[in-house]
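S.K.: Below are the structure tokens for one structure; questions will follow.
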Amino acid sequence: MRLSLHPSLAKNNYIFILCIYVYVLIYVTTSYNVVCLMAKRAKTSVPGPKMINAVSEMLRKLEDISADPSIVGSCPELPGIVLDKVEATVLDRNGPEYARVTREYERLRTEYFQALVAHPVGRGLALVAVGPEGVEMMECGRPPSSIAEVRIVPGKATRGRHESYNCHHIVPKSVRSVSNTLSVNHPANFVVAKTTRKGRDQSENPHHFWHSLFLHPQTHNAPDQPIPIYVVRPLFPFYPPITQGYKSVEELRKKLASVGAPPRCPKSGRKGYWNFQRLRTTALMLSQKSFTR
């Protein structure tokens, strides 16, 4: 038995599907244009030499964590991170010291984004992690974000899924470290991590697991004296350090070249070139773990 639609009904269905595709095209194009306009907006300020030097120091410290790229494989389920132990006192979130630290962070975050992508090494890592559009947003002092996909569900509004990143503290600003001489608001204590804020699915929100499930239980009802606190410290200024899987080293090199990053990252300090081997190893491990499922 062969069914056929009435010509008028078939025409209406065709128009309905066409309207959906046009709407999606307008949504994606508009979002992209907004990002471009934000990136092209005249910058009111540029990062100062103090912040540029602080970013350089941060990159040197990341290299100093380990010269051996195999460290990224110490924990196959979470490649590219290590545990760091600090002695710290938990601050009162309603106290003046916590308020001062928070104000200072909000004041310098914009400059940090700009300085990170102004540094040749930071820019190369940013291009791989958040793409050219994300770099443009950081040049404007904003956290990088992009539209990953658009979902069309019959009977519901068409929505785009955003890949959002934000700048987070590694040693949280809610504690006062007594074993670390650097300020909690020094770039060496920052990581631009993927952050999912809406919905119950937080599987792609590493910050949620690092802080809510690992750090907060250590600081809950903590005593007034310093205590040992273990924090998650990524080996990269971005986490995850890549946005897609790579089947081979050559494929990763081609990706680096396609986004404008040199296959061998520029010099980052006294130790010479940034540890590209570490990035390559982490990228391949994340590819096998997350992107091949």
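S.K.: Just the residues that are in contact (Cβ under 8 Å) with a residue 40 or more places away in the chain, more than 17 Å from residue 190 (Cα to Cα) and surrounded by fewer than 20 Cβ atoms within 10 Å (Cβ to Cβ), please, taken from the stretch 99-131.
M.R.: Correct list: 120, 127, 131.
S.K.: Of everything in the stretch 123-175 that's β-branched (Val, Ile, Thr) and under 22 Å from residue 209 (Cβ atoms), which residue is modelled with the lowest pLDDT? So that I can check it myself, show each step before the final result.
M.R.: Step one: of the stretch 123-175, the residues β-branched (Val, Ile, Thr) are 128, 130, 135, 147, 150, 152-153, 158, 170-171, 175.
Keeping just the survivors that are under 22 Å from residue 209 (Cβ atoms) gives 130, 170-171, 175.
Working: 130: 88, 170: 92, 171: 92, 175: 92.
Checked the stretch 123-175; the qualifying residue modelled with the lowest pLDDT is 130.
S.K.: Listed residues 73, 80; which is at pLDDT below 95 and in contact with a strand residue (DSSP E or B) (Cβ under 7 Å, 6 or more places away or on another chain)? Can you show your working first?
M.R.: Numbers: 73 fails: in contact with a strand residue (DSSP E or B) (Cβ under 7 Å, 6 or more places away or on another chain).
On inspection, the qualifying residue turns out to be 80.
S.K.: Turning to a different aspect of this structure: Quick check on the stretch 40-61. Is at least one of its residues among the aliphatic types (A, V, I, L, M), under 25 Å from residue 235 (Cβ atoms), touching a helix residue (DSSP H, G or I) at 6+ places or on another chain (Cβ under 8 Å) and at pLDDT below 90?
M.R.: First, pick out the residues of the stretch 40-61 that are among the aliphatic types (A, V, I, L, M): 42, 46, 51-52, 54-55, 58-59.
Now drop any that are not under 25 Å from residue 235 (Cβ atoms), which leaves 51-52, 54-55, 58-59.
Retained after the next criterion (residues that are touching a helix residue (DSSP H, G or I) at 6+ places or on another chain (Cβ under 8 Å)): 51-52, 54-55, 58-59.
Of the ones still in play, those that are also at pLDDT below 90 are 59.
Checking the stretch 40-61: at least one residue is among the aliphatic types (A, V, I, L, M), under 25 Å from residue 235 (Cβ atoms), touching a helix residue (DSSP H, G or I) at 6+ places or on another chain (Cβ under 8 Å) and at pLDDT below 90.
S.K.: Provide a single number: the residues in the stretch 199-232 that are surrounded by 14 or more Cβ atoms within 10 Å (Cβ to Cβ), assigned to a loop (DSSP other than H, G, I, E, B), of a type outside the set (Gly, Ala, Ser) and modelled with pLDDT of 80 or more.
M.R.: 1
The values are calculated or read from the model by the stated rules, or taken from the named source; none is laboratory data. Not measured: the values here are computed from a predicted model. Neighbour counts are summed over all protein chains in view; Cβ atoms, including those assigned to glycine, are modelled from backbone coordinates with ideal geometry.
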